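Inspection log for the structure reproduced underneath, given as C-alpha coordinates.
The values are calculated or read from the model by the stated rules, or taken from the named source; none is laboratory data. Quick caveat, the model's predicted, so the values are computed rather than measured. Neighbour counts run over all protein chains shown; Cβ positions are idealised from the backbone, glycine included. Accessible surface areas use protein heavy atoms only, side chains included; no ligands, DNA or RNA. Shrake-Rupley method; radii C 1.70, N 1.55, O 1.52, S 1.80 Å.
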Amino acid sequence: MWGYFCQLVQLCHAHGHWQKVTQDVRLTPPRPSVYGPESKYQRNKRRNEWKAEINRAEGHVHRAAYLAAERISDMSYLLTNDDEGKPDWKMYWALRTAVRHQPNHTHARCKVAAFDAFEADAELRGDPLDIARRWSAAAGFTDLTA
(Lines give C-alpha, C1' and ligand atoms only; values in the text may rest on other atoms or scores of the structure.)
Protein backbone atom coordinates (compact mmCIF):
# COMPACT_ATOMS: atom_id res chain seq x y z
CA MET A 1 0.00 0.00 0.00
CA TRP A 2 2.81 2.40 0.93
CA GLY A 3 4.47 1.93 -2.47
CA TYR A 4 1.26 2.83 -4.31
CA PHE A 5 0.80 5.82 -2.03
CA CYS A 6 4.32 7.11 -2.78
CA GLN A 7 3.71 6.68 -6.52
CA LEU A 8 0.42 8.56 -6.18
CA VAL A 9 2.12 11.46 -4.41
CA GLN A 10 4.75 11.65 -7.17
CA LEU A 11 2.06 11.62 -9.85
CA CYS A 12 0.15 14.36 -8.06
CA HIS A 13 3.30 16.49 -7.96
CA ALA A 14 3.81 15.81 -11.68
CA HIS A 15 0.19 16.83 -12.33
CA GLY A 16 0.75 20.13 -10.55
CA HIS A 17 4.01 20.74 -12.39
CA TRP A 18 2.48 20.18 -15.82
CA GLN A 19 -0.54 22.32 -14.95
CA LYS A 20 1.85 25.17 -14.18
CA VAL A 21 3.81 24.55 -17.39
CA THR A 22 0.57 24.58 -19.39
CA GLN A 23 -0.51 27.84 -17.80
CA ASP A 24 2.90 29.42 -18.43
CA VAL A 25 2.85 28.41 -22.10
CA ARG A 26 -0.68 29.75 -22.51
CA LEU A 27 0.29 33.10 -20.99
CA THR A 28 3.24 33.54 -23.36
CA PRO A 29 1.73 33.71 -26.84
CA PRO A 30 4.03 33.48 -29.85
CA ARG A 31 6.08 36.59 -30.52
CA PRO A 32 6.19 38.23 -33.92
CA SER A 33 9.23 37.52 -36.04
CA VAL A 34 12.29 39.70 -35.53
CA TYR A 35 13.30 39.25 -39.17
CA GLY A 36 10.79 41.71 -40.59
CA PRO A 37 7.36 41.20 -42.02
CA GLU A 38 6.15 37.64 -42.08
CA SER A 39 3.72 35.94 -44.36
CA LYS A 40 0.37 34.58 -43.29
CA TYR A 41 1.85 31.08 -43.57
CA GLN A 42 4.70 31.94 -41.17
CA ARG A 43 2.32 33.59 -38.70
CA ASN A 44 -0.02 30.58 -38.74
CA LYS A 45 2.91 28.16 -38.45
CA ARG A 46 4.20 30.01 -35.37
CA ARG A 47 0.70 30.04 -33.83
CA ASN A 48 0.18 26.34 -34.55
CA GLU A 49 3.53 25.48 -32.95
CA TRP A 50 2.45 27.40 -29.84
CA LYS A 51 -0.86 25.51 -29.75
CA ALA A 52 0.97 22.21 -30.20
CA GLU A 53 3.19 23.04 -27.22
CA ILE A 54 0.07 23.71 -25.13
CA ASN A 55 -1.45 20.42 -26.26
CA ARG A 56 1.73 18.51 -25.35
CA ALA A 57 1.74 20.01 -21.86
CA GLU A 58 -1.99 19.29 -21.43
CA GLY A 59 -1.31 15.70 -22.49
CA HIS A 60 1.16 15.38 -19.62
CA VAL A 61 -1.45 16.82 -17.22
CA HIS A 62 -4.08 14.33 -18.36
CA ARG A 63 -1.64 11.42 -18.28
CA ALA A 64 -0.57 12.24 -14.71
CA ALA A 65 -4.23 12.50 -13.63
CA TYR A 66 -5.04 9.19 -15.34
CA LEU A 67 -2.12 7.41 -13.70
CA ALA A 68 -3.01 8.89 -10.31
CA ALA A 69 -6.57 7.60 -10.70
CA GLU A 70 -5.15 4.24 -11.68
CA ARG A 71 -2.98 4.13 -8.54
CA ILE A 72 -6.00 4.86 -6.34
CA SER A 73 -7.90 2.07 -8.10
CA ASP A 74 -4.95 -0.29 -7.65
CA MET A 75 -4.98 0.44 -3.92
CA SER A 76 -8.50 -0.93 -3.66
CA TYR A 77 -7.28 -4.39 -4.71
CA LEU A 78 -4.97 -4.51 -1.71
CA LEU A 79 -7.80 -4.15 0.80
CA THR A 80 -10.13 -6.81 2.18
CA ASN A 81 -13.19 -6.65 4.42
CA ASP A 82 -10.94 -7.41 7.39
CA ASP A 83 -9.00 -4.15 6.84
CA GLU A 84 -11.90 -1.86 7.70
CA GLY A 85 -10.81 0.75 10.22
CA LYS A 86 -7.09 0.07 9.76
CA PRO A 87 -4.71 2.81 8.55
CA ASP A 88 -4.48 1.47 4.98
CA TRP A 89 -8.26 1.40 4.70
CA LYS A 90 -8.55 4.95 6.08
CA MET A 91 -5.86 6.22 3.72
CA TYR A 92 -7.51 4.65 0.67
CA TRP A 93 -10.98 6.00 1.44
CA ALA A 94 -9.67 9.44 2.40
CA LEU A 95 -7.67 9.66 -0.85
CA ARG A 96 -10.57 8.42 -2.93
CA THR A 97 -12.91 10.97 -1.35
CA ALA A 98 -10.51 13.92 -1.42
CA VAL A 99 -8.95 13.44 -4.86
CA ARG A 100 -12.28 12.61 -6.50
CA HIS A 101 -10.69 10.77 -9.39
CA GLN A 102 -13.89 9.17 -10.66
CA PRO A 103 -15.79 9.20 -12.96
CA ASN A 104 -13.68 11.73 -14.87
CA HIS A 105 -10.01 11.66 -13.93
CA THR A 106 -9.37 14.92 -15.80
CA HIS A 107 -11.22 16.77 -13.02
CA ALA A 108 -9.34 15.02 -10.22
CA ARG A 109 -8.05 17.26 -7.47
CA CYS A 110 -4.51 15.92 -7.43
CA LYS A 111 -3.28 18.91 -5.46
CA VAL A 112 -4.89 17.33 -2.38
CA ALA A 113 -2.52 14.36 -2.47
CA ALA A 114 0.65 16.25 -3.43
CA PHE A 115 2.11 15.90 0.05
CA ASP A 116 5.52 17.33 0.91
CA ALA A 117 5.58 15.43 4.19
CA PHE A 118 3.35 12.71 5.57
CA GLU A 119 3.19 11.71 9.23
CA ALA A 120 0.91 8.66 9.11
CA ASP A 121 -0.04 8.67 12.80
CA ALA A 122 -1.11 12.32 12.66
CA GLU A 123 -2.60 12.33 9.16
CA LEU A 124 -4.76 9.23 9.58
CA ARG A 125 -6.55 10.23 12.81
CA GLY A 126 -10.33 10.21 12.62
CA ASP A 127 -12.66 8.76 10.06
CA PRO A 128 -11.84 8.92 6.31
CA LEU A 129 -14.34 11.72 5.62
CA ASP A 130 -12.77 13.97 8.26
CA ILE A 131 -9.32 13.16 6.93
CA ALA A 132 -10.43 13.99 3.36
CA ARG A 133 -11.93 17.29 4.53
CA ARG A 134 -8.73 18.19 6.36
CA TRP A 135 -6.55 17.38 3.32
CA SER A 136 -8.90 19.27 0.98
CA ALA A 137 -8.90 22.33 3.19
CA ALA A 138 -5.09 22.25 3.39
CA ALA A 139 -4.96 22.17 -0.43
CA GLY A 140 -7.33 25.14 -0.73
CA PHE A 141 -10.55 23.33 -1.57
CA THR A 142 -13.47 24.35 0.63
CA ASP A 143 -15.97 21.63 -0.21
CA LEU A 144 -15.70 17.92 -0.99
CA THR A 145 -18.75 18.03 -3.24
CA ALA A 146 -17.75 21.01 -5.40
Separation between Cα centres of the range 13-90 and the range 116-146, rounded to whole Å = 24 Å
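Please state the charge dipole magnitude for the chain, taken about the Cα centre, from unit charges on C-beta atoms (+1 on K and R, -1 on D and E), reported in debye and rounded to the nearest 20. Walk me through the numbers before you get to the answer.
Details: 21 positive and 18 negative charges, 254 e Å.
The calculated dipole for the chain is roughly 1220 debye.
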Residue separation between LYS20 and TRP50 times 0.36 nm, minus their alpha-carbon distance, gives in nm 9.2 nm
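How much accessible area per residue does the range 45-84 have, in Å², with a 1.4 Å probe? Could the numbers behind the result be given before it?
Values: 2580 Å² over 40 residues.
Accessible area per residue: 65 Å².
Leaving out ligands, DNA and RNA, what percent of the accessible area of the chain is carbon and sulfur, probe 1.4 Å?
Working: 4910 of 9400 Å².
Carbon and sulfur: 52 percent of the exposed surface of the chain.
Please report, ordered by residue number, every helix of the chain (full DSSP H runs) that is 20 Å or longer along its axis going by C-alpha atoms and whose mean Kyte-Doolittle hydropathy reaches -0.5. Display every interim value, and only then the final one.
Working: long enough: 2-27 (38 Å, -0.25); 40-76 (54 Å, -1.42).
Span-like helices, by this rule, are 2-27.
Tell me the relative contact order for the range 1-80 as a rounded percent, counting alpha carbon contacts under 8 Å between residues six or more apart.
Relative CO of the range 1-80 lands at 57 percent.
Over the range 88-132, with the other protein chains present, what is the accessible area per residue in square angstrom, probe 1.4 angstrom? The partial results should precede the final answer.
Numbers: 2340 Å² over 45 residues.
I get 52 Å² per residue for the range 88-132.
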Could you order CYS12, CYS6 so the one with the most accessible surface comes first? Probe is 1.4 Å.
-> CYS6, CYS12
Quote the relative contact order of the range 96-146 in percent (integer), defining contacts as alpha-carbon pairs under 8 Å separated by 6+ residues.
-> 34 percent
For the chain, the percent of all C-alpha pairs falling in each 10 Å bin, from 0 up to the bin holding the max distance, is 11, 34, 26, 13, 9, 5, 2, 0
Options ILE72, ASN104, GLY36, ranked by Cα towards positive dipole end of the chain, top entry (Cβ charges) | GLY36
